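Structure record follows, encoded as structure tokens.
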Amino acid sequence: MVNLMHGNLNAQSSQPDKVDIYLHPLFKHCDDNFIKTLGTISRKITCEKGQTLLFRGDKAVFFYLIRSGCVKLYRETIDGTLAVVDILTAGQVFCEISIFEKCHHPYNAEVVEAGEVIMIPVELLQEEIKNNHQFALDVLRLVANHCRQQERELEHRSLQNAAQRIGCFFLRLLNRREGEGGTFHLPYDKMLVASRLGMQPETFSRALAKLKKETGIHIKGSKIKVDNISNIAKYTCSACSSEFPCKDLDFSKGR
């Protein structure tokens, strides 16, 4: 049995509910026996804000599924500067590459909003890949979607201005392809949003003000109200080679 409490991890641990795993789209082609095994061997941990889940250089032995809360993946430069790789919320996963190869984590993972994370031993998933070709394809699709997202973000940094990148981020949060608009809350504080988009806080503030002026959105603290989603789409997507509605707006397939 793999040691589930390793490194700097110090959290309450319990077995995940079967539904926690079964409802995630990655496991939609796995049978009940495998899901039951996952529920027995995996662990659901309760995490506090500021808690470190893993360190860069740690041996990758787990696949992580975020049940609730928010996790920041980041690297730290020699001079102490933080480079935010990603910020993940409920339903998203990380450390998927470790399913295919023995490796060490290329980043640190820190909880930025308290919640629960399910830790699944990688060796169990590797065994399922050997026996379930459809599951193997689903994992490859997960990795491919992640790579596509990274490629799109690189393109956005080249083609879009700061305000348009924020608009694209808001479109993802709205998670809608059409309609008049909607209201949502930022999933984490504005400083983290700025880091996630590769901006300094002062740049983010100026760009947010510009986006508000160009699209007519309403901002009150972490609450964002969009009267007409087409206004953001028109302003944002004009500097993107992707089509609209953007396929990346659909998170039904996980990360």
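Please work out if Arg165 is of a type in the set (Lys, Arg), buried (at least 19 other Cβ atoms within 10 Å of the Cβ) and within 22 Å of the chain's Cα centre (by Cα).
yes
Looking at (1) under 18 Å from the mean Cα position of the chain (by Cα); (2) surrounded by fewer than 18 Cβ atoms within 10 Å (Cβ to Cβ), which is the only condition Leu73 fails?
Condition not satisfied by Leu73: (2).
Suppose we filter Tyr188, Tyr235 for residues that are of a type in the set (Phe, Trp, Tyr), touching a helix residue (DSSP H, G or I) at 6+ places or on another chain (Cβ under 7 Å) and outside the structural domain of Thr89 (by TED's automatic domain parsing); which single one remains?
Of Tyr188, Tyr235, the one residue that is of a type in the set (Phe, Trp, Tyr), touching a helix residue (DSSP H, G or I) at 6+ places or on another chain (Cβ under 7 Å) and outside the structural domain of Thr89 (by TED's automatic domain parsing) is Tyr235.
Listed here are the residues, each with its yes/no results for (1) touching a helix residue (DSSP H, G or I) at 6+ places or on another chain (Cβ under 6 Å); (2) at pLDDT below 95; (3) within 18 Å of Pro25 (Cβ to Cβ); (4) among the β-branched types (Val, Ile, Thr).
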position	(1), (2), (3), (4)
Ile78	no, yes, no, yes
Thr81	no, yes, no, yes
Gly91	no, yes, yes, no
Ser98	yes, yes, no, no
Gln149	no, yes, yes, no
Gln160	no, yes, no, no
Arg165	yes, yes, no, no
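Could you list, in sequence order, all residues of the stretch 125-136 that are touching a residue at least 60 places away in the same chain (Cβ under 8 Å), out of contact with any helix residue (DSSP H, G or I) (no Cβ under 7 Å at 6 or more places or on another chain) and either within 20 Å of Cys95 (Cβ to Cβ) or surrounded by 13 or more Cβ atoms within 10 Å (Cβ to Cβ) (or both)?
Asn132
Please find, within the stretch 212-228, the residue that is surrounded by the fewest Cβ atoms within 10 Å (Cβ to Cβ) out of those that are assigned to a loop (DSSP other than H, G, I, E, B) and modelled with pLDDT of 90 or more.
Gly216
Just to be sure before I move on: is Cys147 touching a residue at least 12 places away in the same chain (Cβ under 8 Å) and in a helix (DSSP H, G or I) in the structure I sent?
In short, no.
Check off (1) over 22 Å from the mean Cα position of the chain (by Cα); (2) at pLDDT 65 or above for His6 and give me the number that stays unchecked.
(2)
Name the residues in the stretch 150-164 that are part of a helix (DSSP H, G or I) and either within 30 Å of Gly216 (Cβ to Cβ) or small (Gly, Ala, Ser) (or both), would you?
Hits for the stretch 150-164 are Arg152, Glu153, Leu154, Glu155, His156, Arg157, Ser158, Leu159, Ala162, Ala163, Gln164.
The values are calculated or read from the model by the stated rules, or taken from the named source; none is laboratory data. Remember, it's a predicted structure, so these values are computed and weren't measured experimentally. Neighbour counts run over all protein chains shown; Cβ positions are idealised from the backbone, glycine included.
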